[in-house]
Amino acid sequence: MRILGLTGGIGMGKSTVARMLRRAGFPVFDADAVVHALQAPGGRALPAIGRLVPGSVREGVLDRAVLRRAAIADGTVMKGLERIIHPMVRQERDRFLARARRAGHSWAVLDIPLLFEGGGDRLCDRVAVVSAPPDVQIHRVARRRGMAPGEVAAVIARQMPDREKRRRADDVICTGLSRNDTVRRVRRLVARMRADAGMRMRGEGKTP
């Protein structure tokens, strides 16, 4: 089984591309969904988060606004969160890949925002980066998350620059033009993945 890493900065449209790949028949590991579950009421990451940022967890519920403000004000908070969350996410990722292999999938997709930052790209046979122009990115984040411009800029500044992600990518999927354009780009990626799987199957079927 081969692995496609799917990544991109906040507001770039990565979730939209992930849904398209899932509809195309590929199993997709959603790291954001795993993190959300870990931080949901009763989630297993909450005790450690509460110790890291006192007042951020009350009666088993995470106050995301308190946590976000703390992370913006103090860069060490984000590092602490990563030390808590990343090992748990990796455990879930490994379980997902094992299930996909048992099911006989030719490709599995790892939808991970911090793929490069966490070294997850080393597991991948290809990496696709989802990208959009800066003004589109900022507008999307501000609209969907209700964040002030300063907060948006701070979040984006903490992530690897888009140009660096694009440089490291095998495939770049731009989402800043139209949905139809994004669909065409994803279809081209899917075609390459299926062609690769077909070549591997033919190669494995040959006698030495």
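Listed values, structure above:
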quantity	calculated
Sites excluded, trypsin sites (Lys or Arg not before Pro) in DSSP loops with at most 16 other C-beta within 10 Å, longest stretch of the chain	45-205
Segment 163-172 - phi-based ³J(HN,Hα) in whole Hz, Karplus 6.51/-1.76/1.60, Gly and Pro as x	4, 6, 4, 4, 5, 7, 6, 7, 9, 10
Residues with amide H under 5 Å from that of residue 172, placed H, sequence gap 5 or more	129
Expected 222 nm ellipticity per residue - DSSP helices of 4 or more, -39500 (n - 2.57), all of the chain, to 500	-18500 deg cm²/dmol
Antiparallel content of DSSP bridges confined to the chain, in %, to 5	10 percent
Part-to-part distance (alpha-carbon centres) for segment 1-17 and segment 98-133, which is given in Å	8 Å
Calculated from backbone phi, Karplus (6.51, -1.76, 1.60) coupling profile of segment 83-96 in Hz, x at Gly/Pro	5, 7, 7, 4, x, 5, 5, 4, 4, 5, 4, 5, 5, 4
Long-range HN-HN contacts of residue 107 with modeled amide H, under 5 Å	2
At R0 = 41 Å, FRET efficiency that the Cβ-Cβ distance of residue 157 and residue 197 yields, to 0.05	0.60
Per-pair calculated FRET efficiency, R0 = 41 Å: residue 76 and residue 187 via Cβ, rounded to 0.05	0.40
Label corresponding to Rg and Dmax of the Cα atoms in Å when calculated from the structure given, among (i) 18.5, 64; (ii) 18.2, 56; (iii) 16.4, 56	(i)
Projected-area average for segment 29-104 over all orientations - Cα convex hull basis, square nanometres	5.1 nm²
Residue-wise HN-Hα coupling along segment 10-25, computed from phi with Karplus coefficients 6.51, -1.76, 1.60 (Hz; x: Gly, Pro)	4, x, 8, x, 4, 5, 5, 5, 4, 4, 5, 5, 5, 5, 6, x
Radius of gyration, Dmax [segment 33-152; alpha carbons; angstrom]	16.6, 46
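Bear in mind that the values in this text are calculations on the coordinates, not laboratory data. Since the model is a prediction, treat every value here as computed from it, not as a measurement. As a convention, Cβ positions derive from the backbone with ideal geometry for all residues, glycine included, and neighbour counts pool all protein chains shown.
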